[in-house]
1. What is the distance in Å between the Cα centres of region 63-108 and region 31-46?
2. How long are the semi-axes of the equivalent ellipsoid of the chain, defined as square roots of 5 times the Cα gyration tensor eigenvalues? Whole Å, largest first.
3. Among 98-108, 120-130, 14-24, how do they line up by average Cβ neighbours within 10 Å per residue, starting with the highest?
4. Using alpha carbons only, how many degrees (0 to 90, rounded to 10) separate the axis of helix 4-32 from the longest principal axis of the chain?
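Every number here is computed from the coordinates shown, using simple stated rules; none is lab data. What you see is a predicted model; the values in this text were computed from it and never measured. Please note: Cβ atoms are built from the backbone with ideal geometry, for glycine as well, and neighbour counts cover all protein chains shown.
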Amino acid sequence: MPSSESIANLRAGVFGLTAGICLLYAVLALATGRPDPMPVWIPGVCGLLSALLLTLASRAAGRAAARRAWDEGYRADARRAGSAAFWIALALYPAFGALRAADLIGPDLAMAVMGLLTGASYLALLTWFELRGRGEG
């Protein structure tokens, strides 16, 4: 039976991995100039698998351990990550607007990269805050 700590470790791992995949996709898209440098379903499936793994681990751990894993510390980290990711997402608009205005990238590429960077920023920040809060980051 998983413990609350193993759920938290799994959460940090799968969120970090998903953030890395989203970031890799965005970097590859910018490097290749294509909005689809790899199969477009990979980031979404990674996110869904992360959710499935975390749900199964939480169910297997039982209600008490799951509550400890998803406690107010996690919720505070999630709020903090969401707040920072919001401002990152807002900053992407003028940055990519300037690239679009200069006709350096197309609208499909801009939207793909902005969407992936928004998701990656939230997940990476959430992972960072959680690990830092545990003294591991």
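1. 19
2. After scaling each eigenvalue by five and taking roots: 32, 16, 10 Å.
3. Listed from highest to lowest mean packing, they are 120-130, 14-24, 98-108.
4. For 4-32 against the chain, the angle is about 10 degrees.
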